[in-house]
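Engineer: Mind looking over this structure? Questions follow.
The values are calculated or read from the model by the stated rules, or taken from the named source; none is laboratory data. Fair warning: this is a prediction, and the values are worked out from it, not measured in the lab. Here the Cβ positions follow ideal geometry from the backbone for every residue, glycine too, while neighbour counts run over all protein chains shown. In case anyone asks, the SASA skips ligands and DNA or RNA and just uses the protein heavy atoms, side chains included. Shrake-Rupley method; radii C 1.70, N 1.55, O 1.52, S 1.80 Å.
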Amino acid sequence: MLHKMTWKVITKACFGRSSPDVRSFLQMDNPKHQYDPSEDEDERNNQKLNSTSQNINLGPSGNPHAKPTDFDFLKVIGKGSFGKVLLAKRKWDGKFYAVKVLQKKIVLNRKEQKHIMAERNVLLKNVKHPFLVGLHYSFQTTEKLYFVLDFVNGGELFFHLQKERTFPEHRAKFYAAEIASALGYLHSIKIVYRDLKPENILLDSLGHVVLTDFGLCKEGIAISDTTATFCGTPEYLAPEVIRKQPYDNTVDWWCLGAVLYEMLYGLPPFYCRDVAEMYENILHKPLHLRPGVSLTAWSILEELLEKERQNRLGSKEDFLEIQRHPFFESISWNDLLQKKIPPPFNPNVFGPDDIRNFDATFTEEIVPCSICISTDYNIVNASVLEADDAFIGFSYAPPSEDLFH
């Protein structure tokens, strides 16, 4: 789809256009991650907590029994700004995992280390929820960071939406309910997700939702708390984020509305090729009623995509308000959580290593040899030592995970 854009394109294309508040917004030095002193405090607290936890290993030598050569890296299944996600088979037991490999140098150059550490912290908390990807363990070499994750091979929701353009309402409702359940759980443990979009929503082999990519999560946000960091993806930004106002959990409910709208209509609700104009639409344009959906579907879209966050669905009782909305009247939330509701779509996965539901742009790429090389820790320089210091506490080996041959 053409509507997915990068921040580099946005900041080059939109200076000097549209209203003063949008121009001011677009001219921030680093629009994706605006400085927020409270996040530095959070990071210091997290590091202090990490240093005392028995389950957390410090530095590259903290998890000596996990190393890149433990795996056969079979296929590239995704790419991002800092590295790749690969299908990997662990040699000694034949189990398949998705291994996210990040380049420390790139992370440090872009000053993104606190977001990588946030992702690792959130992954450790997510293991008990059926619609959140699970972290098995993490480790690092002198040059790279490795997340060993569940391999979820039903494909991205974005991949399926690209092929089908729109989903029938009952299918969109099912996905929206499972996504809402995951977001509600994150909110219950004081985490705001902040980057909900079809690319971050996977389907498992049976067709259930699995939320992934927690790099932009904000920890320690209770229902009454706010934060001010600007981050997210343009098409799904809530108005208060664009205005650089304090925001809370309700940004996730706005994003849920935007994703639900896209599933039903094929594009995000205020989409425009001109990003500055799209921000104007998000800030000021009324939601356009289109035929083809039920009255309850339109009702929940209006209430989730309410421009004033204090009036938005979820602003008072969070996930409880979502559950009670008439749109979800046919959903048994207990059955949903236990995966007793049959998914409306089966990705037709054949085996644990099936990659047919991943974009061929990724899967046809050659796996880099450097991915599976264990760096010699005796050969270090100043930049390597700086990287080690930046990622203290990244390596993680839970007591229940057998890492030995």
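Engineer: For the range 389-401, which residues satisfy the criterion of being out of contact with any Ser or Thr (no Cβ under 9 Å at 6 or more places or on another chain), open to solvent by 30 Å² or more (accessible area, probe 1.4 Å) and either closer than 30 Å to G155 by Cβ or modelled with pLDDT of 75 or more (or both)?
Structural biologist: Start the filter on the range 389-401 by keeping residues that are out of contact with any Ser or Thr (no Cβ under 9 Å at 6 or more places or on another chain), which leaves 389-391, 398-401.
Filter again for open to solvent by 30 Å² or more (accessible area, probe 1.4 Å), leaving 389, 399-401.
S400, E401, listed by residue number.
Engineer: Going residue by residue through the range 200-209, is there one that turns out to be of a type in the set (A, V, I, L, M, F, W, C), within 30 Å of I355 (Cα to Cα) and at pLDDT below 90?
Structural biologist: So the first thing to find is which residues in the range 200-209 are of a type in the set (A, V, I, L, M, F, W, C), and the list is 201-203, 206, 209.
Checking the rest, the ones that are also within 30 Å of I355 (Cα to Cα) come to 201-203, 206, 209.
From the residues that got through so far, the ones that are at pLDDT below 90 too are none.
No.
Engineer: Please verify whether V101 is of a type in the set (V, I, T) and either at pLDDT 90 or above or open to solvent by 10 Å² or more (accessible area, probe 1.4 Å) (or both), treating the condition exactly as stated. Break it down stepwise before answering.
Structural biologist: Working: of a type in the set (V, I, T): yes; either at pLDDT 90 or above or open to solvent by 10 Å² or more (accessible area, probe 1.4 Å) (or both): yes.
Judged against the criteria, V101 is a match.
Engineer: So which residues in the range 279-293 are open to solvent by less than 80 Å² (accessible area, probe 1.4 Å) and either assigned to a helix (DSSP H, G or I) or touching a Pro at 6+ places or on another chain (Cβ under 8 Å) (or both)?
Structural biologist: The answer is Y279, E280, N281, I282, L283, L287.
Engineer: Here is a further query. Specify which of the listed residues (V148, V107) is farther than 14 Å from T212 by Cβ and either hydrophobic (A, V, I, L, M, F, W, C) or in a helix (DSSP H, G or I) (or both). Before the answer, list the steps.
Structural biologist: Values: V148 fails: farther than 14 Å from T212 by Cβ.
Step by step, each of V148, V107 is checked, and only V107 is farther than 14 Å from T212 by Cβ and either hydrophobic (A, V, I, L, M, F, W, C) or in a helix (DSSP H, G or I) (or both).
Engineer: Across the range 252-276, which residue is surrounded by the fewest Cβ atoms within 10 Å (Cβ to Cβ) among those that are among the charged types (D, E, K, R) and part of a loop (DSSP other than H, G, I, E, B)?
Structural biologist: Of the range 252-276, the ones among the charged types (D, E, K, R) are 252, 262, 273-274.
Those still in the list that are part of a loop (DSSP other than H, G, I, E, B) too: 273-274.
Working: R273: 10, D274: 13.
Result: R273.
Engineer: Which one of these does E303 not meet: (1) in a helix (DSSP H, G or I); (2) open to solvent by less than 40 Å² (accessible area, probe 1.4 Å)?
Structural biologist: (2)
Engineer: May I ask you to verify whether K173 is more than 25 Å from A390 (Cα to Cα) and modelled with pLDDT of 90 or more? Step through it out loud before you land on a result.
Structural biologist: Numbers: more than 25 Å from A390 (Cα to Cα): yes; modelled with pLDDT of 90 or more: yes.
Answer is yes for this residue.
Engineer: Which residues, taken from the range 286-322, are charged (D, E, K, R) and touching a helix residue (DSSP H, G or I) at 6+ places or on another chain (Cβ under 7 Å)? Step through it out loud before you land on a result.
Structural biologist: Filtering the range 286-322 down to residues charged (D, E, K, R) leaves 290, 302-303, 306-309, 312, 316-318, 321.
Matches in the range 286-322: R290, K307, R309, R312, D318.
Engineer: Applying the selection to the range 110-135, what residues are assigned to a helix (DSSP H, G or I) and not small (G, A, S)?
Structural biologist: Of all residues in the range 110-135, those assigned to a helix (DSSP H, G or I) come to 113-125.
Passing the criteria: Q113, K114, H115, I116, M117, E119, R120, N121, V122, L123, L124, K125.
Residue by residue, here is whether (1) of a type outside the set (A, V, I, L, M, F, W, C); (2) modelled with pLDDT of 90 or more holds:
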position	(1), (2)
V107	no, no
K125	yes, no
V133	no, yes
T142	yes, no
V148	no, yes
G154	yes, yes
F159	no, yes
R165	yes, yes
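Conditions (1) surrounded by 13 or more Cβ atoms within 10 Å (Cβ to Cβ); (2) farther than 15 Å from D204 by Cα; (3) at pLDDT 90 or above, marked per residue:
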{"position": "P347", "(1), (2), (3)": "yes, no, yes"}
{"position": "N357", "(1), (2), (3)": "yes, no, yes"}
{"position": "T375", "(1), (2), (3)": "yes, yes, no"}
{"position": "A382", "(1), (2), (3)": "no, yes, no"}
{"position": "A387", "(1), (2), (3)": "yes, yes, no"}
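Engineer: Which one is most open to solvent (accessible area, probe 1.4 Å) among residues in the range 162-189 that are over 21 Å from W333 (Cα atoms) and of a type in the set (D, E, K, R)?
Structural biologist: R165
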